[in-house]
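Take a look at the structure set out below.
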Amino acid sequence: MTGEKSDATAGALPTSYPKILLNVALVLAAVTAILHLYIGIWVYGIPLGVPLILIALVYLGGIGLIAANNRRDLWLKIGIYWVVIVIVLWAASAAVNAPNTNIALAYVAKAVEFVLLGILLRIRTARSYGIKSGIGN
């Protein structure tokens, strides 16, 4: 690989994202990652907290890839599904009364993730309708 930044499709017009929404999404993903790290390390501890630590690492990796503009369009699309999966898995674990799923920090993390999901969906909608307001790929 040459290290080039690739477009989702060759020959496509550059995609524009509302800069403020993209920045808010990155900040929300960072907050979610920090919350998952905190819950994984200090609430659950090792080894029970390893899945939460891994979730946080995925969020941080996504932030890095999106900030570096490495296939940003693809990662923003994958991010929507990732957030949905994390929320559904938490809801399933809460439904079976898994330990520490009902603590206040878990609800805060899910609230941040719901807002993040809304922002990611809005970014995709803005992209779909060709709304231009700020930065390009």
What tally of residues in the range 70-80 results from selecting those that are open to solvent by less than 30 Å² (accessible area, probe 1.4 Å) and modelled with pLDDT under 95? 3
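Please determine whether any residue of the range 44-59 is in a helix (DSSP H, G or I), out of contact with any Cys (no Cβ under 8 Å at 6 or more places or on another chain), aromatic (Phe, Trp, Tyr) and at pLDDT below 95. Step through it out loud before you land on a result.
Of the range 44-59, the ones in a helix (DSSP H, G or I) are 44, 50-59.
After this cut, where a residue has to be out of contact with any Cys (no Cβ under 8 Å at 6 or more places or on another chain) as well, the list is 44, 50-59.
In the following step, the residues that additionally are aromatic (Phe, Trp, Tyr) were identified as 44, 59.
Retained after the next criterion (residues that are at pLDDT below 95): 44.
Yes, because at least one residue in the range 44-59 is in a helix (DSSP H, G or I), out of contact with any Cys (no Cβ under 8 Å at 6 or more places or on another chain), aromatic (Phe, Trp, Tyr) and at pLDDT below 95.
Tell me which residues, restricted to the range 100-127, are free of Cβ contacts under 8 Å to residues at least 40 places away in the same chain and open to solvent by 80 Å² or more (accessible area, probe 1.4 Å). If you could, list the steps in order and put the result at the bottom.
Just the residues of the range 100-127 that are free of Cβ contacts under 8 Å to residues at least 40 places away in the same chain, to begin with: 101-102, 104, 107, 110-111, 114, 117-118, 125.
Matches in the range 100-127: Asn102, Tyr107, Phe114.
Going through the range 60-80 one residue at a time, which ones are outside any helix (DSSP H, G or I) and on the phi < 0 side of the Ramachandran plot?
Filtering the range 60-80 down to residues outside any helix (DSSP H, G or I) leaves 68-71.
Within the range 60-80, Ala68, Asn70 meet the criteria.
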Residues located in the range 89-119, provided they are more than 17 Å from Ala29 (Cα to Cα), part of a helix (DSSP H, G or I) and hydrophobic (A, V, I, L, M, F, W, C): Leu89, Ala91, Ala92, Ala94, Ala95, Ala104
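The values are calculated or read from the model by the stated rules, or taken from the named source; none is laboratory data. In this text the structure is predicted, and so the values were computed from the model without any measurement. Positions of Cβ are generated from backbone atoms using ideal geometry, with glycine treated the same way; all protein chains shown enter the neighbour counts. Note: accessible area is taken over every heavy atom of the protein model, side chains too, but ligands, DNA and RNA are not part of it. Shrake-Rupley method; radii C 1.70, N 1.55, O 1.52, S 1.80 Å.
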